[in-house]
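Visitor: Got a structure for you, questions after.
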Amino acid sequence: VVNIRFVIFGAAMQPYFRRYPFLQRLGLGYWLSDMVFVLFMTRYGDARRRGTRDQLYFYLGVIVPGWISWQIASIAGIYLGAVIPQSWSLEFAATLALLAITVPLVKNIPMAVALVVAGCIAWVGQPLPLRLGLAAAVVGGIVAGVLAEQRRDRVKGERRV
């Protein structure tokens, strides 16, 4: 259930890589991660032209060092994990890392509303089985963002009249 987010990521990335053959798209999708998605969309999310060579090279330039560092960190974790005391609660470090990458993406009020609503739902939904709180947070954040955008557009339209 947690990995449903990759369906959303893939749909958002599709316009950038649709011109490539299926096997190449499959390979590019294999490397997609939360951090790669956020970094890519931060740079090219508002791009008028999609599917450029620069976008592919940027994507590759993010995934290759990311994959290498992931492997090094995984190996270090395998060998050093037993040495680190559980009292350090390092699970929270991943959350902080994602926040540090996600917060700069917030460029307007609807995005902020989506982020706050999703965060609140995820926090309240922690006890749900199968991590359904995350799925509910994604849906709630999307709905809140869309509603906030509609309200913003309606208010802008009323000001013009």
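The values are calculated or read from the model by the stated rules, or taken from the named source; none is laboratory data. Note that this is a predicted model, so its numbers are computed, not measured. Quick reminder, even Gly has a Cβ in these numbers, built from the backbone with ideal geometry, and neighbours come from all protein chains shown. We work out accessible area using only protein heavy atoms, side chains counted, and drop any ligands, DNA or RNA first. Shrake-Rupley method; radii C 1.70, N 1.55, O 1.52, S 1.80 Å.
Visitor: So for the pair ALA11, LEU128, with labels modelled 7 Å out along Cα→Cβ, what separation do we get in nm?
Guide: Taking the two extended label points, one gets 1.7 nm.
Visitor: Could you tell me what a quarter of the Cα convex hull surface of the stretch 21-102 works out to, in nm² with one decimal place?
Guide: Mean shadow area of the hull around the Cα atoms is 6.7 nm².
Visitor: I need the peptides 82-88, 135-141 ranked by packing, meaning the mean over residues of other C-beta atoms within 10 angstrom, with the highest value on top.
Guide: With the highest mean Cβ count within 10 Å placed first, the list reads 135-141, 82-88.
Visitor: Oh, and also: Output wanted: per-residue J couplings in Hz (rounded whole) for the stretch 121-126, from phi through Karplus 6.51 cos²θ - 1.76 cosθ + 1.60, θ = phi - 60°, x for Gly and Pro.
Guide: 5, 4, 5, 5, x, 3
Visitor: Which whole-number percent gives the relative contact order of the chain, counting Cα pairs below 8 Å spaced six or more residues apart?
Guide: Across the chain, relative contact order equals 23 percent.
Visitor: Kindly provide the helix-only [θ] at 222 nm of the chain, computed as the sum of -39,500 (n - 2.57) over DSSP H runs of four or more divided by all residues, to the nearest 500 deg cm²/dmol?
Guide: -24500 deg cm²/dmol
Visitor: At CYS120 and LEU96, where each label point lies 7 Å from the Cα along Cα→Cβ, what is the point-to-point distance in nanometres?
Guide: Placing both labels 7 Å beyond Cα along the Cβ direction yields 2.6 nm.
Visitor: In the stretch 41-137, what percent of the accessible surface is made up of carbon and sulfur (1.4 Å probe, ligands and nucleic acids excluded)?
Guide: Looking at the stretch 41-137 in its full context, I get 70 percent from C and S.
Visitor: Follow-up. Per residue, what volume in Å³ does the convex hull of the Cα atoms of the stretch 18-67 enclose?
Guide: 72 Å³
Visitor: Right, another one. Summarise the long-distance tail of P(r) for the chain by giving the % of C-alpha pairs beyond 29 Å.
Guide: Of all Cα-Cα distances in the chain, 32 percent exceed 29 Å.
Visitor: Roughly what would the spin-label model give for LEU80 and ARG159, points 7 Å off Cα along C-beta, in nm?
Guide: 5.1 nm
Visitor: Among 70-78, 3-11, how do they line up from the highest to the lowest mean number of other beta-carbon atoms within 10 Å?
Guide: In decreasing order of mean packing, 70-78, 3-11 become 3-11, 70-78.
Visitor: May I ask which residue of VAL117, ILE84, LEU56 lies farthest towards the positive end of the charge dipole of the chain, with charges of +1 (Lys, Arg) and -1 (Asp, Glu) on Cβ and the Cα centre as origin?
Guide: Of the options given, the answer is LEU56.
Visitor: Turning to a different aspect of this structure: Could you give each residue of the stretch 74-85 its phi-based ³J(HN,Hα) in whole Hz, using Karplus coefficients 6.51, -1.76, 1.60 with θ = phi - 60°, and x for Gly or Pro?
Guide: Result, ordered by residue: 5, 5, 4, x, 4, 8, 9, x, 6, 7, 7, x Hz.
Visitor: Convex hull over the Cα atoms of the stretch 66-161, averaged projected area in nm²?
Guide: 8.7 nm²
Visitor: Turning to a different aspect of this structure: What list of ³J(HN,Hα) couplings, whole Hz, do you get for the stretch 48-64 from phi and the Karplus terms 6.51, -1.76, 1.60, once you set θ to phi - 60° and write x for glycine and proline?
Guide: Rounded to whole hertz, the list is 6, 9, 10, x, 7, 5, 4, 5, 5, 5, 4, 4, 5, x, 8, 6, 5.
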